[in-house]
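Taking it in order: structure first as structure tokens, then the write-up.
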Amino acid sequence: MKVIDTTKYFLAGLFITVLFYFSINSQLEKIGAIAPSSEQSDKSNPTFSAGISEAELTRLIAKSPEVHEYYSFDNEGLNIYASPEDKTLNKAECKIYYEEFAVFNRLFKAADIETLKAIYSQKDTSRIDLEHYNGYFSENDYQHVDGSLPLSGIKIALDPGHIGGDMEMAILEGKYVRISKDKGKTVSEFNEGNIALETAQILAKKLIALGAKVMLTRDKKGVSAFNSTYDEWLQNDFETALKTELEADNIDQKQYTFLKTKADKKEIFHDFFKGLEIKERARKINSFHPDLCLIMHYNVDEENYWQRDRVQNLMTSTEQNYSMVFMPGAFLSNELGEVEERIQLLRLLVTNDVVESMKLSSFVAEEFTNTLKVPAISPYSEMGYIKRVSVFTGNPGVFARNLALTRMIHAPVCYGEPLCQDNDKEFQQLLDSNKSRVKDVADAYFNGIIKYFKRQVQ
Ligand SMILES: [Zn+2]
């Protein structure tokens, strides 16, 4: 067993206190209660005035040290390089001057990824016309109307993970729990997609009651973010999507031929559909311009998951239970080869998304332990995804991880994994038709969001 370093926890606590102070200010500014502080308009230090040091920010965004070879700060601004070689040659593919940071902050919130790509490549290392971009935001899509309810004018996106529906679909997705106590004679089962949706729907009601505007990426069991079932998509949209992706160079001729002629339904789902559907979720969320986004999943114990019976898809329950939350960051060296990926790295360096995601995620993680009584996973966990691809933030249960959705969503993001569905007790409670455990999880998210917005609710 590892000895807990108390200094680390003290520093983490101190860090949270500092964040707490900045959080209050930034939220008050957001609702127009106070003017932005002079610190935030300090052009010589535009990013790091938002409650995080440069050292801490760069620690959180990079899992591999090579990530730092894709950017540099100098006295004029931030340089992004297409490769580490380009950095040694001092050949930036894009430069954002400090006086442009505010514009890029708004651009990341207002523009879609295609527009951002066009601006990024046209800009190169030249200065943009600030006047032009001020006009660009005149539609004030993200200006809030004030209201009397605690969350009036706040926009919240909820993304319930997976697709769910019947067990056949859940087994195709690989997202289900199926347990038998008598060797398969009687089976108890449910699927993650369905309980994630139920949780999001309960949470949505609670948030709407407080005045928030809420968007769900999908709102019917078995219906994906494309607003159709997977079977309907195969029937109506698969062929067109294949051609589009081939033309956009997102798949090559070999993949195209395989998917078109050989792949079965399950292979098409995992090799092609899933990635497109996640992009659709990100597109929906970004065009909603949310103030925050929750990605809602339920976990299974990693070891247990791989021991599923291949014939009957049965698993045994486990004593393990833990919670965790992911936020943007933790890029790996091989995750910056595409322009779009470097634009997402740029986002973490010029916007407040890292700081805000960390605040939101920390409050939610705290509620997973307080409200749900599920302990946060240890930062020393040997589990593959914690060890290899995540960066511990210092806040219990909160890790930076470069998942498709933590990367593609332009807002503060909290990707929640509140408990293990295959835990003995959780499994029994989740099966119960009174839905009390799902309601508990919705409450935990709700309490975390309220803490984030620092509002008193009766
Ligand atoms: Zn999941």
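Answer yes or no as to whether Ala400 is at positive phi, surrounded by 24 or more Cβ atoms within 10 Å (Cβ to Cβ) and under 16 Å from the mean Cα position of the chain (by Cα). Break it down into steps so the answer makes sense when it comes.
Numbers: at positive phi: no; surrounded by 24 or more Cβ atoms within 10 Å (Cβ to Cβ): yes; under 16 Å from the mean Cα position of the chain (by Cα): yes.
No.
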| said: So, in the range 98-109, how many residues would count as being under 14 Å from Asp129 (Cβ atoms) and surrounded by fewer than 18 Cβ atoms within 10 Å (Cβ to Cβ)? | reply: 1
| Taking into account only those residues within the range 145-172 that are at pLDDT 95 or above and part of a loop (DSSP other than H, G, I, E, B), which is farthest from the ligand (Cβ to nearest atom)? | Asp166
| query | Before we move on, is Asn227 more than 16 Å from the ligand (Cβ to nearest atom), modelled with pLDDT of 95 or more and not charged (D, E, K, R)? | reply | yes
| note | Within the range 416-458, the residues that are assigned to a loop (DSSP other than H, G, I, E, B) and within 19 Å of the chain's Cα centre (by Cα) are Pro418, Leu419
| query | Looking at the range 226-236, is at least one residue touching a strand residue (DSSP E or B) at 6+ places or on another chain (Cβ under 7 Å) and either assigned to a helix (DSSP H, G or I) or surrounded by fewer than 16 Cβ atoms within 10 Å (Cβ to Cβ) (or both)? | reply | no
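Yes/no per residue for (1) over 16 Å from Leu57 (Cβ atoms); (2) under 14 Å from the mean Cα position of the chain (by Cα); (3) assigned to a helix (DSSP H, G or I); (4) without any contact (Cβ under 8 Å) to a residue 60 or more places away in the chain:
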{"site": "Leu349", "(1), (2), (3), (4)": "no, no, yes, no"}
{"site": "Met358", "(1), (2), (3), (4)": "no, yes, yes, no"}
{"site": "Pro379", "(1), (2), (3), (4)": "yes, no, no, yes"}
{"site": "Glu382", "(1), (2), (3), (4)": "yes, no, no, yes"}
{"site": "Ala411", "(1), (2), (3), (4)": "yes, yes, no, no"}
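Just a yes or no: is a residue in the range 128-138 surrounded by fewer than 17 Cβ atoms within 10 Å (Cβ to Cβ), in contact (Cβ under 8 Å) with a residue 40 or more places away in the chain and farther than 30 Å from Gly394 by Cβ? Quick ask: steps written out before the conclusion?
Filtering the range 128-138 for residues surrounded by fewer than 17 Cβ atoms within 10 Å (Cβ to Cβ) gives 129-132, 134-138.
Applying the additional criterion that residues be in contact (Cβ under 8 Å) with a residue 40 or more places away in the chain yields none.
Looking through the range 128-138, none of the residues is surrounded by fewer than 17 Cβ atoms within 10 Å (Cβ to Cβ), in contact (Cβ under 8 Å) with a residue 40 or more places away in the chain and farther than 30 Å from Gly394 by Cβ.
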| field | Close pairs (7 angstrom Cβ cut-off, 6 or more residues apart or separate chains): under 19 Å from Ile450 (Cα atoms) in the range 154-176, among the charged types (D, E, K, R) and within 14 Å of the ligand (Cβ to nearest atom) anywhere | value | Asp159/Arg281
| field | Residue list for the range 360-377, restricted to those being surrounded by fewer than 19 Cβ atoms within 10 Å (Cβ to Cβ) and part of a helix (DSSP H, G or I) | value | Thr369, Asn370
| task | Kindly establish whether Asp422 is within 16 Å of the ligand (Cβ to nearest atom) and among the acidic types (Asp, Glu). | result | yes
| query | Under the condition of being touching a helix residue (DSSP H, G or I) at 6+ places or on another chain (Cβ under 8 Å) and within 18 Å of Gly161 (Cβ to Cβ), which residue from the range 287-299 is farthest from the ligand (Cβ to nearest atom)? | reply | Leu292
| request: Find all pairs meeting these conditions: Cβ atoms under 6 angstrom apart; at least six residues apart or on different chains; first residue within the range 101-121 and under 14 Å from Arg283 (Cβ atoms); second residue buried (at least 18 other Cβ atoms within 10 Å of the Cβ) and at pLDDT 90 or above. | output: Leu116/Ile343
| request: Could you look through the range 173-212, keep only residues that are among the polar types (S, T, N, Q) and modelled with pLDDT of 95 or more, and pick out the one that is nearest to the ligand (Cβ to nearest atom)? | output: Asn191
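The values are calculated or read from the model by the stated rules, or taken from the named source; none is laboratory data. In this text, all values refer to a predicted model and were calculated from it rather than measured experimentally. Ideal geometry is used to build each Cβ from the backbone, glycine not excepted, and the neighbour counts take in all protein chains shown.
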